[in-house]
1. Express the relative contact order of the stretch 487-562 as a whole percentage, based on alpha carbon pairs under 8 Å and six or more residues apart in sequence.
2. Express in nm, to one decimal, how much length is gained between residue 52 and residue 518 on full extension, taking 0.36 nm for each residue of separation and deducting their alpha carbon distance.
3. So, in nm, how far is label residue 127 from label residue 378 when the simple model puts each one 7 Å beyond its Cα toward the Cβ?
4. So, R0 is 45 Å and r is the distance between the beta-carbons of residue 72 and residue 183; what FRET efficiency does that work out to, to 0.05?
5. Looking only at the stretch 356-386, which residues have a backbone nitrogen under 13 Å from a spot 7 Å from the Cα of residue 350 in the C-beta direction?
6. Near the amide H of residue 365, under 5 Å away, which other amide H atoms are found, from residues 5 or more places off or on another chain, if H is placed in the peptide plane?
7. In the structure shown, do any of 193/496; 473/557; 496/557 have a Cα-Cα gap over 18 Å, and if so which?
8. List the relative contact order of the stretch 466-520 as a percent without decimals, with contacts defined as Cα pairs under 8 Å and 6+ residues apart.
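The values are calculated or read from the model by the stated rules, or taken from the named source; none is laboratory data. Just so we're clear, the structure is a prediction, and the values are computed from it rather than from any experiment. Positions of Cβ are backbone-derived with ideal geometry, glycine not excepted, and every protein chain shown enters the neighbour counts. Accessible surface areas use protein heavy atoms only, side chains included; no ligands, DNA or RNA. Shrake-Rupley method; radii C 1.70, N 1.55, O 1.52, S 1.80 Å.
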Amino acid sequence: MFPLLVACRSVLPSAPASWWWRWLAMVLLAGWTAGCSSLPENVDRQASRAWDAPQATPLGQLTQARRDAARARSESAFSLLDSVENAFSSRVALADAARHTLDLQYYAIHADGSTEVLLEHIRAAARRGVRVRILLDDFNTVGEDAQVLRLAFERGVELRLFNPVPGSRGSLFGRVFGSLHDMERLQKRMHNKLFIADSAWGITGGRNLGDAYFGGDDKSAFVDLDVLATGAVVRQMAASFDRYWNDRLAYPVQSLLTRGDLDRLRDDGDDRAPSDGSRPPAAPAPAAQPVGAVLPEATARPNAAAAASSLGQRPAMDLRQVPLTWAPATLLADQPGKVGPGDDEADAGETVVDGLLQLMRGARQELLIISPYFVPGAEMMNVFADLRRRGVAVRVLTNSLASNDAPAAHAGYRRYRRELLAMGVELHEMRADPASAGLRDGRRSSGSGSGVSLGSTVGGSKSGFSRASLHSKAVVVDRRVAVIGSMNLDLRSQLKNSEVALLIRSATLAGQAARLIESSFARGAYRVEARGDALVWRAPPGAAFGDASSEPEADWKLRLLVDVLAPFAPDEML
């Protein structure tokens, strides 16, 4: 039963320790209620392909003009999206500029203020004739978030659910309990993140779509990193999308539920709303177009109106002016068979994490890693040991217990912590304090390579957050190669989830990523050190916070919870 705790690690980013205790009790007491449901057979999946002439589109022509102006030999270019403002405005820019196709692939799309604004731009694209395809992992499409599926019934929009989970969509609890008979399916998720316009420009990285990723959630905010790409490599991104879109695990929404099913879910939400009328109003639509058909009033969350209002006022990124680094690159992408049942696993081939391990082995001077969930496993530990024997510096930034939204993942990480320190790996754990994570100051420039710490909120959208949580995923080798994508350095990403990443061979861009990591070391993270039998968490020099002798900023309930989970959370599930 305990692997369920890990499967839910990305669903409730702001869940406190008390929530996890309630969840644990429900798993222990209610597991016997599981029922059996099945998926439809003989589903009609009409095959389709990405746009095959990006060079003939305005976006493709912009790419060529910028390449000519830069006199670049490389056919692909990149820009780090290290602030939520640029991460959001770049997606808006791609939606607004698309003329033929928009292809989105995500693990989670949440029904909240930032999504409401972004989906209105996507619906506007569909209305002007752009073909929109959205591929969404099915784990999170429950409760309020199920209302995102209304897009499937919009003209010009196709929406498919990958590896769907049969059973109730009323709540996450009901969905999990109804799938206990099929844990293998429940555990294997499509974790890829792609946003592609006309096969000419695209975005990948750590962010899903929702307020916690774009600065609109007042409870928790993720410190994240994406990369904007244009040129030849985007065709590789589009080809990867097509493989998943046309796979037998991709189910059209209409084969699983109807608009009436969504209406009933919405009405159930209305029934559960406070009787005193305190449910917040729906977020206003940008411009003059209504968005109630996508996210009806019942899905509105307390901060939705404020987030939508602030985000709707932000201009789209100017793709003519965004700084670009031209460099050779390739896409690392898992095959859909990795997520499939039984014999499909044989078709998975080498995984993204396998490729990263091979890349790490070639490091000569330095290996920098950002991974919010860091559970190395035996093979990765052997790679680290070999690097340290050769004198290669290995430096890791991950979550502290207090900043980690997945206590079970922290239980796995701490098993390796002393051994990592003993072999000379440098461990840094990010604080949960939003100010030191760079999330309280909303006016900070993204300025790739500017030296600011990872993350900042959308200008003026929030005055602060209660907690920051690291969600960036990147590997930098010898400051010459950078890999940015959806993968964590854990056994779940290696063995269970499908992932995608861009491998970029550029000293310029790798240097920018390295400086972002180091700035987080310098202002927002503890360095963990071994002192005899004890561990010490050292604050950076000159920091406003001090050292700690136990898991910093984590209360006794959270520490106890990790102690309880640890014996029952196998590494391969973390």
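1. Working: 52 pairs, mean separation 11.5, N = 76.
Once normalised by length, the contact order is 15 percent.
2. Length difference between fully extended and current span is 163.7 nm.
3. Going from the residue 127 label point to the residue 378 one covers 5.8 nm.
4. Calculated value: 0.40.
5. Under cut-off, by backbone N: 356-362.
6. Amide H neighbours of residue 365, under 5 Å, 5+ apart: 478.
7. Too far apart for the 18 Å limit: 473/557; 496/557.
8. On the way: 61 pairs, mean separation 19.6, N = 55.
This gives 36 percent for the stretch 466-520.
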